[in-house]
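**Q** Pasting a structure below so you can have a look.
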Amino acid sequence: MEAGDDLEVMDNFRTSLYEKEIYVFTPKGDIQKLAAGATVLDFAFHIHSKVGCQCTGAKVNGKVVNMRQELHSGDQVQIVTSTQQKPKREWLQIARTSRARAKIRLALKETIVKEIAMVKEMIERRLKNRKVEFDEGIIQQLVKKLGYKEVWEFYKSIDEGTLDVQE
């Protein structure tokens, strides 16, 4: 401000600010501020984590678009969700804002933890049916013997079906 005219500095600040932000509208007319280049997925996570996790696409200015669609200032965005939708790792490449990426990572971790707990419970039941006690130490040895680096990788491969529980 000391270097030049105050109005000139404010104009430069204002134009640089507008270049880095966009303003989009919800269907109710509320204004949401996002980073320039934000996608429909970023907007969904900006609204709420649950909305973001269930996002399948959106209607932008009345037209159906996918979650990769980049938003522009003045767009009216209505998120389309499905209770069957779950976050996917590919979403990390779609999201452009750090806030959305962080929420996606958190949601992915939560789903992995839930899946692991279910698989672990299934293994415990199968061992109990065969009158074998479930022991974490034995599971650790089994994980190393099978060549897995982490226990969660072992459980994940069982969940995906690449490793048979009967084996």
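The values are calculated or read from the model by the stated rules, or taken from the named source; none is laboratory data. These numbers were taken from a predicted model, which means no experiment stands behind them. With ideal geometry, Cβ positions are generated from the backbone for all residues, glycine too; neighbour counts draw on all protein chains shown. What goes into the accessible areas is simple: the full protein's heavy atoms, side chains included, and nothing from ligands, DNA or RNA. Shrake-Rupley method; radii C 1.70, N 1.55, O 1.52, S 1.80 Å.
**Q** Can you run down the residue pairs with Cβ atoms below 6 Å, 6 or more apart or on separate chains, where the first is in the stretch 62-77 and under 17 Å from Ile94 (Cβ atoms) and the partner is open to solvent by less than 80 Å² (accessible area, probe 1.4 Å) and part of a loop (DSSP other than H, G, I, E, B)?
**A** Matching pairs, first to second residue: Leu71/Ala38.
**Q** What pairs come out if I take residues in the stretch 152-167 that are within 16 Å of Val113 (Cβ to Cβ) and open to solvent by 60 Å² or more (accessible area, probe 1.4 Å) and pair them with residues that are of a type outside the set (D, E, K, R) and modelled with pLDDT of 80 or more whose C-beta lies under 7 Å away, six or more apart or interchain?
**A** Trp152/Ile112; Trp152/Ile116; Asp159/Val119
**Q** May I ask you to list the residues in the stretch 115-138 that are of a type in the set (Gly, Ala, Ser) and either touching a residue at least 60 places away in the same chain (Cβ under 8 Å) or under 20 Å from Lys156 (Cβ atoms) (or both)?
**A** Ala117
**Q** Ok, one more. Give the residues of the stretch 84-117 that are over 15 Å from the mean Cα position of the chain (by Cα) and either β-branched (Val, Ile, Thr) or surrounded by 12 or more Cβ atoms within 10 Å (Cβ to Cβ) (or both), sorted by residue number.
**A** Selection gives Glu115, Ile116.
**Q** Let me spell it out: the conditions are (1) out of contact with any Cys (no Cβ under 6 Å at 6 or more places or on another chain); (2) farther than 16 Å from Lys33 by Cα, and Val60 meets all of them except one. Which number is the exception?
**A** Just one mismatch for Val60, condition (2).
**Q** Residue by residue through the stretch 124-151, note down the ones that are in contact with a Phe, Trp or Tyr (Cβ under 7 Å, 6 or more places away or on another chain) and either part of a helix (DSSP H, G or I) or open to solvent by less than 50 Å² (accessible area, probe 1.4 Å) (or both).
**A** Listed by number, the residues that qualify are Glu124, Leu127, Val143.
**Q** What is the one condition in (1) modelled with pLDDT under 95; (2) within 20 Å of Ile22 (Cβ to Cβ); (3) of a type outside the set (S, T, N, Q) that Ala117 does not satisfy?
**A** Exception for Ala117: condition (2).
**Q** Select from the stretch 146-167 the residues that are closer than 18 Å to Leu127 by Cβ and of a type in the set (A, V, I, L, M, F, W, C) and list them in ascending order. Don't jump to the end; show me each part of the working.
**A** Filtering the stretch 146-167 down to residues closer than 18 Å to Leu127 by Cβ leaves 146, 151, 154-155, 157-159, 163-167.
If the condition is that a residue be closer than 18 Å to Leu127 by Cβ and of a type in the set (A, V, I, L, M, F, W, C), then Leu146, Val151, Phe154, Ile158, Leu163, Val165 are the ones that fit.
**Q** Grab the strands (runs of 3 or more DSSP E) fully contained in the stretch 1-110, keeping just those with 1 or more residues being in contact with a Phe, Trp or Tyr (Cβ under 6 Å, 6 or more places away or on another chain) and modelled with pLDDT under 95. Before the answer, list the steps.
**A** Numbers: elements: 21-25, 31-35, 55-60, 63-65, 77-81.
Output list reads 31-35.
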